[in-house]
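Student: The structure follows.
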């Protein structure tokens, strides 16, 4: 399965390009890429970037697909699914647990989408597996101007994983960096703040 890291966000809350912000000596997104790459059921890892940041991200040595739609995560996922089934994460998730990724990929086999869900109904759509068949669902919604990925997932017969029933140690996989203060929360996970690129 293709491992996809979405990197099209604008980092408004962070105040600068957070994906290239150096954390523990390397760009934040590189932590995400390397952890996803170490999942045994991921065949290849690619970045889906906006036209604005694609050039900078190519320097990391991974294939970069350009999301020309620039409508948010739905556009990035639509772009990625053009290459086949994909496990998708956000670029600002440096603590991804490869074992958890493999678990989802195994469960996802033959399903249109496999998405972790909290008991309150909240979905984790950017830590989930999608089949290429989901692309046509996204295409219809994009034509209608409905860019809600959560709504698209809920409109199909998706497989949901009950997060509270999974090993608690896997939950750190969902952690993402929105603000600079979030960098303090990842100390102790072998990542520390090293300053701007």
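Student: If you go through the range 142-150 one residue at a time, do you hit one that is within 29 Å of residue 40 (Cβ to Cβ) and modelled with pLDDT under 95?
Tutor: no
Conditions (1) in contact with a strand residue (DSSP E or B) (Cβ under 9 Å, 6 or more places away or on another chain); (2) closer than 30 Å to residue 24 by Cα; (3) surrounded by 23 or more Cβ atoms within 10 Å (Cβ to Cβ), marked per residue:
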site	(1), (2), (3)
62	yes, yes, no
74	no, no, no
77	yes, yes, yes
91	yes, yes, yes
103	yes, yes, no
132	yes, no, no
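Student: Anything in the range 102-125 that is touching a helix residue (DSSP H, G or I) at 6+ places or on another chain (Cβ under 6 Å) and within 19 Å of residue 86 (Cα to Cα)? List them, or say none.
Tutor: Filtering the range 102-125 for residues touching a helix residue (DSSP H, G or I) at 6+ places or on another chain (Cβ under 6 Å) gives 112-116, 118-119, 123-125.
Within the range 102-125, 112, 113, 114, 115, 116, 123, 124, 125 meet the criteria.
Student: Farther than 20 Å from residue 93 by Cβ and at pLDDT below 95, is that true of residue 109?
Tutor: So residue 109 fits the description; yes.
Student: Would you check which residues across the range 126-142 are out of contact with any helix residue (DSSP H, G or I) (no Cβ under 8 Å at 6 or more places or on another chain) and not in a loop (DSSP other than H, G, I, E, B) and list them?
Tutor: If the condition is that a residue be out of contact with any helix residue (DSSP H, G or I) (no Cβ under 8 Å at 6 or more places or on another chain) and not in a loop (DSSP other than H, G, I, E, B), then 136, 140 are the ones that fit.
The values are calculated or read from the model by the stated rules, or taken from the named source; none is laboratory data. As the structure is a computational prediction, the values presented were derived from the model and not from experiment. Glycine gets a Cβ as well: all are built from the backbone with ideal geometry, and neighbour counts include every protein chain shown.
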